[in-house]
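Remarks on the structure that follows.
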Amino acid sequence: MIRRVTLDDVPFLVKVEELSFDVPWPDFLFKAHLNNPGFVVYEREGNILGYAMIGDSKGKAHLQNIAVHPQFRRQGIGTELLEWCIDLVKLYGYRVMVLEVGQKNTSSQAFYANYGFKKSGTVAGYYLDDDAIIMTRKI
Ligand SMILES: CC(C)(COP(=O)(O)OP(=O)(O)OC[C@H]1O[C@@H](n2cnc3c(N)ncnc32)[C@H](O)[C@@H]1OP(=O)(O)O)[C@@H](O)C(=O)NCCC(=O)NCCS
């Protein structure tokens with residue numbers, strides 16, 4: 001099930017984050033976003049298998065973070081989280097969704113391309129260890 005995040009989830013989010021990124025978000029960043037209505041976790045039998053966070057960036061829906069535990073990838077969980085985010089921002093009237101993804105992160109680029117996102121720009125030095133590709137999709 002997909003549900004709003006709680007403070008108790010943060011240690012599990014940090015674990016998934018550390019398994020997913022070379023430069024992971026620290027726990028205080030997750031805690032700082034706990035009141036965001038677009039911050040959700042994917043829970044199965046009491047275990048947190050993934051999470052997503054969507055917000056606003058200059059009038060566009062902005063996917064801020066998404067990750068699935070490595071042992072549970074390619075099972076559709078990422079797609080379910082992404083679709084949840086899209087359904088939420090549609091309710092708020094957003095028409096465009098935007099995200100940044102690392103240039104080296106080709107698997108996530110494939111995930112987004114599979115869902116209809118197209119490359120719309122690049123940002124040099126966006127990440128500590130990589131440039132970013134901006135991807136956009138009408139929703
Ligand atoms: C990106 C991520 C969230 C996708 O989650 P997921 O649950 O594995 O995604 P899904 O199972 O819903 O994948 C849907 C489709 O996306 C594409 N896709 C997903 N992962 C892929 C990969 N590693 N290589 C190629 N295509 C991929 C496929 O078309 C897949 O469909 P298929 O499995 O039927 O072929 C996950 O890989 C992840 O946590 N990555 C590390 C964190 C990260 O980089 N997040 C993005 C930051 S911008």
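Using modelled amide H (1.01 Å from N, peptide plane; none on Pro or chain starts), what sits under 5 Å from the amide H of Gln64, excluding residues fewer than 5 places away?
Hits under the 5 Å cutoff: Met53, Ile54, Gly55.
List the pairs from Lys15/Lys104; Lys58/Lys90; Lys31/Lys119 whose alpha-carbon separation is above 24 Å, in the order I gave them. Walk me through the numbers before you get to the answer.
Working: Lys15/Lys104 22 Å; Lys58/Lys90 16 Å; Lys31/Lys119 31 Å.
The answer is Lys31/Lys119.
So which trypsin sites (Lys or Arg not before Pro) in the stretch 64-139 pass both tests, a DSSP loop state and at most 15 other Cβ atoms within 10 Å of the Cβ?
In loop regions of the stretch 64-139 (DSSP not H, G, I, E or B), the sparsely surrounded trypsin sites (Lys or Arg not before Pro) are Arg74, Arg95, Lys104.
Mind checking which aspartates and glutamates have their C-alpha under 14 Å from Lys118, skipping anything on the same chain fewer than 8 residues away?
Output for Lys118: Glu100.
I'd like the chymotrypsin sites (Phe, Trp or Tyr not before Pro) in the stretch 79-116 restricted to DSSP loop residues with at most 11 other Cβ atoms within 10 Å, sorted by number.
Filter output for the stretch 79-116: Tyr92.
Do you know the relative contact order of the chain, to the nearest whole percent, from alpha carbon pairs under 8 angstrom that are 6+ apart?
Relative CO of the chain lands at 19 percent.
Using amide H atoms built 1.01 Å from N in the peptide plane, name the residues 5+ places from Val96, or on other chains, whose amide H lies under 5 Å from its own.
Ala61, Ile139
Based on the alpha-carbon gyration tensor of the chain and its eigenvalue square roots a ≥ b ≥ c, which shape applies: rounded if a/c is under 1.5, prolate if not and a/b is larger than b/c, or oblate?
It comes out rounded by the Cα gyration axes.
In the stretch 1-56, which chymotrypsin sites (Phe, Trp or Tyr not before Pro) are in a loop and have at most 16 other Cβ atoms within 10 Å, using DSSP for the loop call? Spell out each step's value before the answer.
On the way: sites: Phe12, Phe21, Phe28, Phe30, Phe39, Tyr42, Tyr51; in loops: Phe21.
Answer in residue order: Phe21.
What length, rounded to one decimal in nm, is gained on full extension from Asp27 through to Lys58, with 0.36 nm per residue of separation minus their alpha-carbon distance? Please list the in-between numbers first.
Values: separation 31, 0.36 × 31 = 11.16 nm, distance 2.60 nm.
Here the answer is 8.6 nm.
Using the beta-carbon distance between Ala110 and Lys90 and R0 = 30 Å, what value does 1/(1 + (r/R0)^6) give for FRET efficiency, to the nearest 0.05?
In this case the efficiency is close to 0.80.
Suppose a student asked you for the relative contact order of the stretch 37-111, using Cα pairs under 8 Å spaced at least 6 residues apart; what percent would you report?
27 percent.
So if each residue of separation counts as 0.36 nm, and I subtract the Cα-Cα distance between Asp8 and Val123, what length gain in nm does that give?
Gain on stretching Asp8 to Val123: 38.0 nm.
Every read-out reported here was derived from the displayed coordinates using simple, explicitly stated rules and does not represent laboratory data. Computed from a prediction, not measured in an experiment: that's the story for all the values here. Quick reminder, even Gly has a Cβ in these numbers, built from the backbone with ideal geometry, and neighbours come from all protein chains shown.
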